[in-house]
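None of the figures in this text is laboratory data; all of them are computed from the coordinates on show. As the structure is a prediction and not an experimental result, all values here were calculated from the model. Every residue, glycine as well, gets a Cβ built from its backbone with ideal geometry; the counts of neighbours run over all protein chains shown.
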Amino acid sequence: MKIREINLFFPEVVFTKILNEIDDTELEKLNKEVSILKYVKSGLSKDIQNNNTSFSSDNRYIFSLPEFNNLKNIILNEFNKFKNNTLKYNSNNFVYTTSWATKSLPNQKSDYHNHANCFYSGIFYLNTDKDCGDLVFNNFNIKGFNIIPTEYNDYNSKSYKIKPKNKLLTFFPSHLAHRIALNTSNITRYSIAFNFIPVNKIGEGDSELILNI
């Protein structure tokens, strides 16, 4: 490698983009569709949930519904460009596994979590407002001394926030710990989340796997 004074090793690659292909009329239709879905409390530990826990749709495969077909195809196209042009994963196709809607009422939030059995995850925001609940990432793997920097940057930060906006699309590695911050707005915050896995030949040698779905 080229010798540099400062190096970033093993960075996490997060993608964000406003999907202008989704016009306001379609966005309104998508909001109506997610609003009529059946919702349950988010998370896996039912015994620790309370009234300020956000909701996720009971249907974890909403991209199989025809109402979401156009959005599903647009997002997959964006992910294909991202994984080919940025990550250079041209040899593998990626497919959706699960897809669901999230619903966060005023004064609701979610706990930190990640997504197992998938490779990249994503969110598309449908109904947002100022202070409706940022997407917060945290690196819990940082060990050692808790030194407080005078200014946070890419070299010393352990937490990042993405402020939701209507039509904002984001992709991030599924193992990253993330949560929905408290919704202190007066609106119901809606988004659509989804996971991807690679298919075809994965790895090489004694770690090779042929994954067909």
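Of the candidates 143, 167, 32, which one comes out as most mobile in a Gaussian network treatment of the chain with C-alpha springs shorter than 10 Å?
Of the options given, 143 has the highest mean-square fluctuation.
Step through the residues of segment 132-142 one at a time and calculate ³J(HN,Hα) from phi using the Karplus curve (6.51 cos²θ - 1.76 cosθ + 1.60, θ = phi - 60°), rounding each to whole Hz and writing x for Gly and Pro.
Those phi angles translate into 7, x, 5, 8, 10, 9, 9, 9, 8, 8, 5 Hz.
Expressed in whole Å with the largest first, what are the equivalent ellipsoid semi-axes of segment 16-92 derived from the C-alpha gyration tensor as the square root of 5 times each eigenvalue? Each step should come with its number before you reach the end.
Numbers: eigenvalues 160, 74, 28 Å².
Square roots of five times the eigenvalues give 28, 19, 12 Å.
Using Cα springs under 10 Å in a Gaussian network model of the chain, which residue among 186, 85, 141 shows the largest mean-square fluctuation?
Among 186, 85, 141, the largest mean-square fluctuation in the Gaussian network model of the chain belongs to 141.
Which of 83/130; 72/158; 103/167; 29/163 have a Cα-Cα distance over 21 Å? Intermediate results must be reported in sequence, preceding the final value.
On the way: 83/130 31 Å; 72/158 32 Å; 103/167 16 Å; 29/163 23 Å.
Distance filter (> 21 Å) returns 83/130; 72/158; 29/163.
Over the chain, with a Gaussian network built from C-alpha contacts below 10 Å, which listed residue (38, 29, 201) shows the highest mean-square fluctuation?
201
Looking only at the chain, where both bridge partners belong to it, what percent of the DSSP beta bridges are antiparallel (to the nearest 5)?
Numbers: 42 of 44 bridges.
Antiparallel: roughly 95 percent of the beta bridges in the chain.
Based on the alpha-carbon gyration tensor of segment 121-213, what equivalent-ellipsoid semi-axes (square roots of 5 times the eigenvalues) come out, in whole Å, largest first? Present the calculation step by step, with values, prior to reporting the outcome.
Numbers: eigenvalues 182, 115, 17 Å².
Computed over segment 121-213, the values are 30, 24, 9 Å.
Determine ³J(HN,Hα), in whole Hz, for all residues of segment 174-190 in sequence, where each value follows from phi through the Karplus function 6.51 cos²θ - 1.76 cosθ + 1.60 and θ = phi - 60°; x replaces Gly and Pro.
Computed from phi, the couplings for segment 174-190 are 5, 7, 5, 6, 8, 7, 8, 6, 4, 7, 9, 8, 9, 10, 8, 8, 10 Hz.
Taking 37 °C and 0.692 mPa s as the conditions, I'd like the Stokes-Einstein D for the chain in µm²/s, using the Kirkwood hydrodynamic radius from alpha carbon pairs.
On the way: Rh = 18.8 Å.
Result for D is 175 µm²/s.
What are the ³J(HN,Hα) values, in whole Hz, obtained from phi via the Karplus relation 6.51 cos²θ - 1.76 cosθ + 1.60 with θ = phi - 60°, for each residue of segment 61-73 in sequence order, with x given for Gly and Pro?
So the J values, rounded to whole Hz, are 9, 5, 6, 7, 7, x, 4, 10, 5, 5, 4, 4, 5.
Among 34, 193, 106, which residue has its Cα furthest toward the positive end of the charge dipole of the chain, with +1 on Lys/Arg Cβ and -1 on Asp/Glu Cβ?
It is 106.
Can you list the residues, at least 5 places off or on another chain, whose amide H is less than 5 Å from the amide H of residue 128, using H built in the peptide plane?
Here 166 satisfy the definition.
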